[in-house]
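The block underneath contains the structure these notes are about, expressed in structure tokens.
Each value in this text was obtained by applying a stated rule to the coordinates, not by laboratory testing. Everything numeric in this text was worked out from a predicted model, so none of it was measured. All Cβ positions, even for glycine, are placed from backbone atoms using ideal geometry, and neighbour counts span all protein chains on display.
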Amino acid sequence: MEEDRTLNKRSNEPNAQGKAPFKPKTTTYGTKQIGAFVTQITQPAFKKKSPILIRLALNWEEFVGPYIAQQTEPRRLSAGTLTLACSGPVAMELQHQSVQLLERINASCGLRGVHAIERIKLVQDHALRPVAPKTQRKLPAVSVEGVENDELRTALEQLGAYVKGKRPRR
């Protein structure tokens, strides 16, 4: 009895006619999770960057702490030198902590020997200076009596508080 060389359409082996195996339809319509697209979107951006630099950028606060992470940013990693952008006052602090920082980065990224980061290069970037939040002055309370209209009274109270709390010009 001769063996039938044509296989089921769902088989992955080619049939006797040499046709390609059946592949189920993969196109779906409807909603998809955004996580499915993240690698496709970020891959071109991260293609030119070192995987270690990407890991440093994503977990920078864990390496240096929240105070320094707000004022610094890893920019480049090449030939054992990590380039950090920072504001002027933080640069001095980073110079003193550079040995501990290098040990922490090398240990957590598993870098040893030839592949270890040996130096930190600091580049000043004024855009990274922390912006101090504006503090609002508390305006003194002013009461306006004899005005029947509530909206007008509220507006006059706000204006009076502003004028009364205004600092004199020098």
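Details
- Its convex hull of Cα atoms gives the range 35-128 a direction-averaged projected area, equal to a quarter of the hull surface, of 6.7 nm².
- Asp150, Asp125 arranged by Cβ crowding within 10 Å, fewest neighbours leading: Asp150, Asp125
- Residue-wise HN-Hα coupling along the range 151-159, computed from phi with Karplus coefficients 6.51, -1.76, 1.60 (Hz; x: Gly, Pro): 5, 5, 5, 4, 5, 5, 5, 5, 5
- Legend: calculated FRET efficiency, Ala116 to Val38, from the Cβ-Cβ distance at R0 = 25 Å, rounded to 0.05, equals 0.25.
- Chain lengthening between Ser98 and Ala79 when straightened (0.36 nm per residue, less Cα-Cα): 5.1 nm
- Taking amide H positions as modeled 1.01 Å from N, with prolines and chain starts lacking one, the residues under 5 Å from Glu73 and 5 or more places away or on another chain are Ala85.
- Between the range 35-84 and the range 99-116, the alpha-carbon center distance in angstrom: 15
- Computed label-point distance, nm, for sites Ala107 and Ala69 using a 7 Å Cα→Cβ extension: 1.8
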